[in-house]
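Trainee: One structure follows; several queries about it will come next.
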Amino acid sequence: MSLRRSTVWPGTGRVMLVLLAVASAALAYPWQSVRDRWVLGVAAAVAILVLGRWGGVYVTTILRRRVAMISRNSGLRPDREPGIDVRATALLHVRPSTESVDSLPIPLLAAYLDRYGIRADTVRITSRDTGADTGVPQRDTWIGMTVSAVDNLAALQARSSQIPLAETTEVAVRRLADHLREQGWTVSTAAADDIPRLFSRSAREGWRGVRDRHTEYVAAYRVNVDSALPDMLAAIRSHATRETWTALEISGTKDRPTLGVACAFRTEGKPSGSSPLPGLTAQNGNHWPALMALDPVSTRRLDGHTDVPVSLLERLRWSSTAGPAPSRPRHAAAF
């Protein structure tokens with residue numbers, strides 16, 4: 001099964017707007033008066049503005065992101081995503097025991113999308129790698145489960161008339177923790193204060209990344225989800241940077257899962273205009289929201305969710321620590 005994305009065509013809204021402009025220009029034909037020529041000129045400008053691209057991004061999207069970025073840099077923004085009362089996320093910190101192989105059971109995690117009467121919106125693995133540029137690599141890994149109240153109204157009302165969303169999410173993630181412990185993992189619950197920040201409070205967003213600590217930048221990237229994903233994840237892990245955040249998010253159902261994958265690199269100096277690795281799409285002009293979504297405590301989904309076969313989940317290998325790569329079957333890259 002090929003997971004390669006087909007050509008991206010303009011959305012219905014863009015097509016309708018262009019057709020409306022073309023129809024207006026056609027009605028003004030043969031454009032003999034000044035008014036008719038203005039109609040023709042405006043129609044041409046609308047078509048160029050709506051369909052025009054720069055660097056693979058629609059011009060209107062660039063303009064919208066520029067305006068949003070200026071607004072975020074005005075200072076009226078949270079340093080972490082505010083809580084949303086209809087969704088909750090609970091976290092686990094995981095490490096392998098001395099006897100177990102350090103390869104997270106991703107198909108098992110996908111099974112917890114719908115388990116014990118609780119429907120999870122997403123189950124996410126997030127790893128933070130540091131020290132790759134110094135030769136002393138370190139890695140921390142968290143598993144997060146996000147539950148939506150809308151998807152679980154009956155289950156929540158059965159537990160309490162007040163719909164205890166946070167408590168229900170914690171119960172579900174503790175059951176996952178027990179299951180992982182049975183398989184030999186060392187698991188502990190984690191709170192927002194236990195998670196390192198992706199950037200400091202004084203950081204400022206630019207088009208190519210978030211500037212942090214004067215000379216460092218944190219840039220977010222969307223990872224293509226296709227049959228080459230195992231090798232792509234291995235390339236991200238081996239990419240030498242001061243700090244790398246990588247997240248793999250599972251949604252959908254156990255039998256029909258979707259995947260969204262994202263990463264972020266902390267570098268010395270401003271990132272280049274192109275992506276550092278093939279298969280990555282820079283979140284230019286959108287780095288701050290993308291990094292907020294990448295935060296392990298976030299309740300937002302990652303961009304770019306794609307339907308995938310269950311066999312792809314079985315091919316993925318994800319280490320929770322910076323130790324030696326786990327053994328893997330043929331065609332599966334370690335991560």
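Trainee: Can you tell me the length gained on complete extension of the stretch residue 174 to residue 60, counting 0.36 nm per residue apart and subtracting the Cα distance? Could the numbers behind the result be given before it?
Mentor: Values: separation 114, 0.36 × 114 = 41.04 nm, distance 4.47 nm.
Full-extension gain reported as 36.6 nm.
Trainee: While we're here: Taking the dipole about the Cα centre of the chain, with the C-beta of Lys and Arg at +1 and of Asp and Glu at -1, give me whichever of 112, 313, 283 is farthest to the positive side.
Mentor: 283
Trainee: How big is the dipole moment of the stretch 168-297 about its Cα centre under a simple scheme where the beta carbon of each Lys and Arg is +1, that of each Asp and Glu is -1, and everything else is neutral? Debye, nearest 20, please. Display every interim value, and only then the final one.
Mentor: Working: 16 positive and 15 negative charges, 67 e Å.
It comes to approximately 320 debye.
Trainee: I've got another one for you. What is the calculated FRET efficiency for residue 48 to residue 253, with r their C-beta to C-beta distance and R₀ = 41 Å, to the nearest 0.05? Could the numbers behind the result be given before it?
Mentor: Details: r = 43 Å, r/R0 = 1.04.
So the FRET efficiency works out to roughly 0.45.
Trainee: Follow-up question, since we're still on this one. Students often check this: by mean Cβ neighbours within 10 Å, which of 146-153, 286-293, 66-73 ranks highest, and how do the rest follow?
Mentor: On the way: 146-153: 18.1, 286-293: 22.8, 66-73: 13.6.
Descending packing order for the listed peptides: 286-293, 146-153, 66-73.
Trainee: Could you give the size of the charge dipole of the stretch 12-72 about its Cα centre, using +1 on the Cβ of each K and R and -1 on the Cβ of each D and E, expressed in debye and rounded to the nearest 20? All intermediate terms of the calculation are to be shown ahead of the outcome.
Mentor: Working: 8 positive and 1 negative charges, 75 e Å.
The dipole of the stretch 12-72 has a size of about 360 debye.
Trainee: Whole-Hz ³J(HN,Hα) for each residue in the stretch 230-246, computed from phi via Karplus 6.51 cos²θ - 1.76 cosθ + 1.60 with θ = phi - 60°, x for glycine and proline: what do you get?
Mentor: Along the stretch 230-246, the couplings run x, 5, 5, 5, 5, 5, 5, 5, 7, 6, 7, 9, 5, 7, 10, 10, 9 Hz.
Trainee: Compute, for the chain, the length of the dipole vector about the Cα centre, with Cβ point charges of +1 (Lys, Arg) and -1 (Asp, Glu) only. Units Debye, rounded to 20. Numbers along the way, then the final one.
Mentor: On the way: 42 positive and 31 negative charges, 202 e Å.
With Lys and Arg at +1 and Asp and Glu at -1, about 980 debye.
Trainee: Could I ask something else about it? Where does the stretch 173-293 land on the Kirkwood hydrodynamic radius, alpha-carbon pairs, in angstrom? Mind dumping the intermediate values first?
Mentor: On the way: mean 1/r = 0.0621 Å⁻¹.
Every distinct Cα pair counted, the radius reaches 16.1 Å.
Trainee: Please report Rg (one decimal) and Dmax (integer) in Å for the Cα set of the stretch 12-72.
Mentor: Cα-based Rg and Dmax for the stretch 12-72 come out at 14.4, 47 Å.
Trainee: Further, regarding this structure: For residue 109, what is the net charge nearby, where nearby means another residue's Cβ is under 11 Å from its Cβ and Lys, Arg count +1, Asp, Glu -1? List each step's numbers first, then the result.
Mentor: Details: positive: 115, 124, 254; negative: 249.
Taking every other residue near residue 109 into account, the sum is +2.
Trainee: Next question, about the same structure. Starting from the alpha-carbon convex hull of the chain, give the projected area averaged over all orientations, in nm². Could you put the intermediate results ahead of the total?
Mentor: Numbers: hull surface 85.8 nm².
For the Cα atoms of the chain, the hull's average projected area reads 21.4 nm².
Trainee: Please give the contour-minus-distance gain from residue 99 to residue 226: 0.36 nm per residue of separation, less the Cα-Cα distance, rounded to one decimal in nm.
Mentor: Result for the pair: 42.4 nm of gain on full extension.
Trainee: Could you give the nm distance between label points at residue 119 and residue 270, where each point is 7 Å from its Cα heading toward the beta carbon?
Mentor: The modelled label-to-label distance comes out at 4.7 nm.
Trainee: Let's test the formula: R0 of 45 Å, r as the Cβ-Cβ distance of residue 201 and residue 27. What FRET efficiency results, to the nearest 0.05? Working shown, then result.
Mentor: Details: r = 55 Å, r/R0 = 1.23.
My answer for the efficiency is 0.25.
Trainee: Can I ask one more? What residue among 63, 24, 45 has its Cα farthest toward the positive end of the dipole of the stretch 12-72, where the charges are +1 on Lys, Arg and -1 on Asp, Glu, each on the Cβ?
Mentor: 63
Trainee: What length, rounded to one decimal in nm, is gained on full extension from residue 12 through to residue 153, with 0.36 nm per residue of separation minus their alpha-carbon distance? Walk me through the numbers before you get to the answer.
Mentor: Values: separation 141, 0.36 × 141 = 50.76 nm, distance 3.33 nm.
Fully extending the segment from residue 12 to residue 153 adds 47.4 nm.
Throughout, read-outs are computed from the coordinates displayed, never taken from laboratory work. Small disclaimer: the values here were computed from a predicted structure and weren't measured. Virtual Cβ from ideal backbone geometry, glycine too; neighbours counted across all protein chains shown.
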